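Taken together, the values in this text are just the output of simple stated rules run on the coordinates, not laboratory data. Here the structure is a predicted model, which is why all the values come from computation and not from measurement. Here the Cβ positions follow ideal geometry from the backbone for every residue, glycine too, while neighbour counts run over all protein chains shown.
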């Protein structure tokens with residue numbers, strides 16, 4: 001896929017890092033001390049009645065080929081991504097302090113700066129409070145601020161500002177926790193209307209994401225190892241996943257099957273066909 005989509009992949013990873021202060025993207029679910037992961041994404045093609053790896057693909061929202069590098073304490077130090085011709089697309093580098101990300105720099109394949117981010121945290125709670133971004137291509141700067149309500153700590157206000165300091169967008173999030181773990185959140189837009197509702201399991205993994213205004217619902221189900229078994233989305237359709245694992249319990253092969261979800265009978269596994277194959281080579285400390 002084009003470079004713009006691959007940079008979206010960086011942005012998605014960044015959103016998670018910014019919210020959690022951690023280093024691993026949600027779907028990594030890593031076990032053991034991982035040093036390096038090389039992920040390669042292929043189309044699934046049928047040959048002589050069997051599905052095999054075809055050409056490289058970036059249609060699943062990730063680059064065709066990318067390397068993630070981790071520090072000894074599990075923080076994601078950098079990512080290097082390539083296109084179908086295995087030419088460099090971008091490099092991304094993270095800087096941490098006290099196990100929290102404080103800066104990220106993203107470079108284009110030609111070595112020029114694409115964007116940079118700076119993070120700051122609340123001294124008392126340790127929660128992320130602000131993200132500052134610089135878009136080198138557009139010469140644009142913006143600021144993303146998070147504040148907990150002094151009257152109700154379960155309410156978070158999020159505001160984005162443009163480079164002139166004007167408010168771009170403002171919304172609120174109401175959190176519901178059980179034993180300290182987030183189990184549900186309701187997002188309100190600037191008009192006070194409910195925009196989306198998300199529910200999570202006891203491990204913090206998302207189960208249901210309802211976009212109220214768009215009237216769409218996405219659902220996730222996980223296997224015993226904590227990886228997504230199937231996902232249903234109004235936008236992306238229905239996918240079922242199968243895995244092969246290494247001795248540490250991390251997946252090294254993931255097959256995407258497309259199918260459909262019947263309103264009365266639920267998701268159909270029998271009608272699923274392989275569409276993508278992901279392979280990972282994992283190096284440990």
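Quick one: check the C-alpha center-to-center distance for the range 138-196 versus the range 60-88, whole angstrom.
30
Arrange the following residues from fewest to most other Cβ atoms within 10 Å of their Cβ: 177, 50.
By the 10 Å Cβ count, ascending, the order reads 50, 177.
For the pair residue 59 and residue 223, how long in nm is the line joining their label points, each one 7 Å along Cα→Cβ?
2.3
Per DSSP H run of n ≥ 4, the term is -39500 (n - 2.57); total these for the chain, divide by its residue number, and report the mean residue ellipticity at 222 nm rounded to 500 deg cm²/dmol.
-2000 deg cm²/dmol
Which peptide among 61-71, 159-169, 185-195, 125-135 comes first, and what is the full order, when sorted by highest mean count of other Cβ atoms within 10 Å?
Answer by packing, highest mean first, reads 61-71, 125-135, 185-195, 159-169.
For a quick protection proxy, order the peptides 215-221, 226-232 by their average other-Cβ count within 10 Å, most packed first.
Ranked by mean Cβ neighbours within 10 Å, highest first: 226-232, 215-221.
For the chain, with a Gaussian network of springs between Cα atoms less than 10 Å apart, report the residue from 237, 74, 139 with the top mean-square fluctuation.
139
Report the far tail of the P(r) of the chain, meaning the percent of Cα-Cα pairs longer than 26 Å.
Result: 51 percent of Cα pairs exceed 26 Å.
May I ask you to compute the full-extension gain from residue 99 to residue 279, defined as 0.36 nm times their residue separation minus their alpha-carbon distance, rounded to one decimal in nm?
Gain on extension, residue 99 to residue 279, equals 61.9 nm.
Using R₀ = 25 Å, calculate the FRET efficiency as 1/(1 + (r/R₀)^6) where r is the Cβ-Cβ separation of residue 149 and residue 184; round to 0.05.
The computed FRET efficiency comes out at 0.90.
What percent does the relative contact order of the chain come to when contacts are Cα pairs within less than 8 Å and at least six residues apart?
Contact order relative to length: 14 percent.
Obtain the nm distance between the two label points defined at residue 47 and residue 201 by a simple spin-label model: each point lies 7 Å from its Cα along the Cα-to-C-beta direction.
The two pseudo-label positions are separated by 3.6 nm.
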